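Report on one structure; see the data block that follows.
The values are calculated or read from the model by the stated rules, or taken from the named source; none is laboratory data. Model, not experiment: these values are computed from the prediction. Cβ atoms come from the backbone with ideal geometry, glycine included; neighbour counts cover every protein chain shown. SASA here: full protein model, heavy atoms, side chains in, ligands and nucleic acids out. Shrake-Rupley method; radii C 1.70, N 1.55, O 1.52, S 1.80 Å.
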Amino acid sequence: MSLPVTARERLRLMVGDTTDAQSGATIILVAFLFTVLLGFAAFAVDFGWLYLNGIRIQHGADAAALAGVVYEPGDQPTAYAEARFSAAENGYNHFSSGTTVTPVDYSDDPTAVEIQYQLSVTIEHSVNTFFMRIFGFDNISIGKTAV
């Protein structure tokens, strides 16, 4: 005597039982996608941090150029000193590791500025990263110029 077969059992017999063969596929996909999503989040954090520091460096360069330009064109040493001092007040000390502050006026490089009453200040600063260290980028150098 045979027992009645339900529709589900009939379908399983026709298609075959695939639950044992695919039981681990979902966890592998979830683990892979989670890793990719975590990587994108890490890059978003690092790029946001680099963008913020780029804005801060630009503000420091702007302040340094404004502080030194009042001594142009007559007193170049004072203009350069004031530009470096202003950059240091904004956290970009020329003598610290990973930071350079380079003021340039018309007498040093006529292509850097348009007229003799201008002062160009370039700040290059090394910014530490968070998650990009996994890929070998411990720090990124950002340079900004203001005239």
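Of the residues making up the range 113-145, those that are open to solvent by 40 Å² or more (accessible area, probe 1.4 Å) and part of a loop (DSSP other than H, G, I, E, B) are Glu114, Ile115, Gln116, Tyr117, Gln118, Phe130, Phe131, Gly136, Phe137, Asp138.
Scanning the range 39-77 for residues that are free of Cβ contacts under 8 Å to residues at least 12 places away in the same chain, among the aliphatic types (A, V, I, L, M) and open to solvent by less than 60 Å² (accessible area, probe 1.4 Å) turns up just one, Ala41. Summed over the range 82-92, residues that are open to solvent by 50 Å² or more (accessible area, probe 1.4 Å) and in a helix (DSSP H, G or I) total 4.
The residues on offer are Gly60, Gly54, Gly68, Gly48, and the sole one that is touching a Pro at 6+ places or on another chain (Cβ under 7 Å) and in a helix (DSSP H, G or I) is Gly68.
Being of a type in the set (Gly, Ala, Ser) and modelled with pLDDT of 90 or more is the filter here, so list the residues in the range 92-135 that pass it. Break it down stepwise before answering.
First pass over the range 92-135, keeping only residues of a type in the set (Gly, Ala, Ser): 96-98, 107, 112, 120, 126.
Listed by number, the residues that qualify are Ser120, Ser126.
Are any residues in the range 93-112 touching a Leu at 6+ places or on another chain (Cβ under 9 Å) and assigned to a strand (DSSP E or B), and if so, which ones? Answer for the range 93-112, where residues must be touching a Leu at 6+ places or on another chain (Cβ under 9 Å) and assigned to a strand (DSSP E or B): Pro103, Val104, Asp105. Step by step: first the residues of the range 93-112, then only those that are among the hydroxyl-bearing types (Ser, Thr, Tyr) and within 27 Å of the chain's Cα centre (by Cα), then the one that is surrounded by the fewest Cβ atoms within 10 Å (Cβ to Cβ). Which residue is that? Result: Ser97.
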